[in-house]
1. Looking at Thr161 and the list (1) assigned to a strand (DSSP E or B); (2) crowded, with 22+ Cβ neighbours inside 10 Å, which single condition is not satisfied?
2. Return the pair list, or none, for Cβ contacts closer than 8 Å from residues in the stretch 275-286 that are assigned by TED's automatic domain parsing to the domain that holds Gly209 to residues that are basic (Lys, Arg) and assigned to a loop (DSSP other than H, G, I, E, B), at least 6 apart or on different chains.
3. Among the residues of the stretch 326-353, what is the count of those that are surrounded by fewer than 16 Cβ atoms within 10 Å (Cβ to Cβ) and under 20 Å from His221 (Cβ atoms)?
4. So, restricting to helices (runs of 4 or more DSSP H) that lie completely within the stretch 168-262, which ones have at least 1 residues that are more than 22 Å from Pro317 (Cα to Cα) and in contact with a strand residue (DSSP E or B) (Cβ under 7 Å, 6 or more places away or on another chain)?
5. Could you grab me the full set of residues in the stretch 42-58 that are surrounded by 11 or more Cβ atoms within 10 Å (Cβ to Cβ), at pLDDT 80 or above and out of contact with any Lys or Arg (no Cβ under 6 Å at 6 or more places or on another chain)?
6. Working only within the stretch 107-128, note down all residues that are farther than 16 Å from Ala304 by Cα, surrounded by 15 or more Cβ atoms within 10 Å (Cβ to Cβ) and either charged (D, E, K, R) or in contact with a helix residue (DSSP H, G or I) (Cβ under 7 Å, 6 or more places away or on another chain) (or both).
7. Can you work out which of the residues in the stretch 21-41 that are closer than 20 Å to Gly111 by Cβ and surrounded by 15 or more Cβ atoms within 10 Å (Cβ to Cβ) is modelled with the lowest pLDDT?
8. Looking at the stretch 1-16, I want the residues that are under 17 Å from Arg72 (Cα atoms) and have a partner that is among the basic types (Lys, Arg) and at pLDDT below 90 with Cβ atoms under 9 Å, at least 6 apart or on another chain. Which pairs are those?
Amino acid sequence: MKVVVTQPYVPEYRQPLFARIAELMRTSGHDFTVLAGRPSAEQAARGDGVDAPWLTRVHSTTVAPGGVEWTRRALPEAARGADVLVTELDVKNALAWTRGIHGARRVVLWGHGMPYVTRRRAVVESAKRRLIARADHVMTYTDGGRAYLVHDLRCRPDAVTAIGNSTDTAPLVAARDAAAATGRARELIAEHGGGPHALYVGGLDSSKGIPFLLDAARALHGAHPNSVLLVCGDGSERRAVEHAQVSSGAVRSLGRVDRARLGELSAASAAIWMPGRVGLVAVDALAVGLPVLTTARHRNAPEAEYLSAEGLRELPPRPAAFAEAAFAIMSDPPARDLLGNAPSLDQVAARFVDVVLSA
């Protein structure tokens, strides 16, 4: 069986999931290919694009006939006539509408389901319902996305499966436990001023509320000089982060870090600050046992559903008030078992394969 998956691009955090799926497909005697483009300018600034044996680069363009944007991709000949095509559940994805052209026997759509990060628009949701009706199956990341498609868009319940979403948390947990056991965590806390410290991990760009994040870090450090914000990531706003480190000492700009280093840093932190959009960081937060502190200023991605009320706290949307409320939580963080629950990487990969092979 030939299975082809399309993605806008494959970031580093997504590589472990596709690698696990590729392994499961290969051991079952099936071909598996991911077709993906290059990251956009802002995404490229994060520096997290990957290459892999199962990944084939394709050229994509955005066209706007009649003022409506469409994403068009040139498929390599080897990808045509797939037994199953898994492509994005996005009404602007031209490939999802052109089933007869690429010759796939079965089409599975994959995406959020519910418009989590965008405003709900009736015309878009109507088009989404028609697009889903043309497909053989739909996969969503969470139960909330599935419930929306079934109850709000009236999709067939047996045609929609929530497979979950996850990251490779094993290196995080191993490094965090080792840091706690060896005393390395205490060393890191003291190295940065005594704590409690906050941690940010993710892209340094517009969707993450970086200006607010830095203002809150300055307020935290000003009121509590032993506390700082550890920033892990890269992006178009990295210079602002580095400037905050030099000018105020409230921030430690650590750049992109690997999973082991992130696990070690999490052992020295009391909470994850994410005033912008909360997405897959929810899975990492649950793995290392840290609450995620956010605001209501941005729309969260579906993975925020994995966090409980204790695991995801909405704080005031003013930097100083956010910092003071965060400090109170960081001084007495909730127990790890109260934070929520998320699927493992193995579980998500197995569900993905089950849906594809069933299709």
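1. With (1) assigned to a strand (DSSP E or B); (2) crowded, with 22+ Cβ neighbours inside 10 Å applied to Thr161, the lone miss is (2).
2. Pro275/Arg297; Gly276/Arg297; Arg277/Arg299
3. Residues meeting the conditions: 3.
4. Fully inside the stretch 168-262 and qualifying: 238-248.
5. Across the stretch 42-58, the qualifying residues are Ala52, Trp54, Leu55, Thr56, Arg57.
6. Across the stretch 107-128, the qualifying residues are Val107, Val108, Leu109, Glu125, Lys128.
7. Pro39
8. That search, which allows pairs on different chains as well, returns Val4/Arg80; Thr6/Arg73; Tyr9/Arg38.
The values are calculated or read from the model by the stated rules, or taken from the named source; none is laboratory data. Keep in mind that this is a model prediction, so the values were computed, not measured. For neighbour counting, all protein chains shown are included, and Cβ atoms are generated from backbone atoms with ideal geometry for every residue, glycine included.
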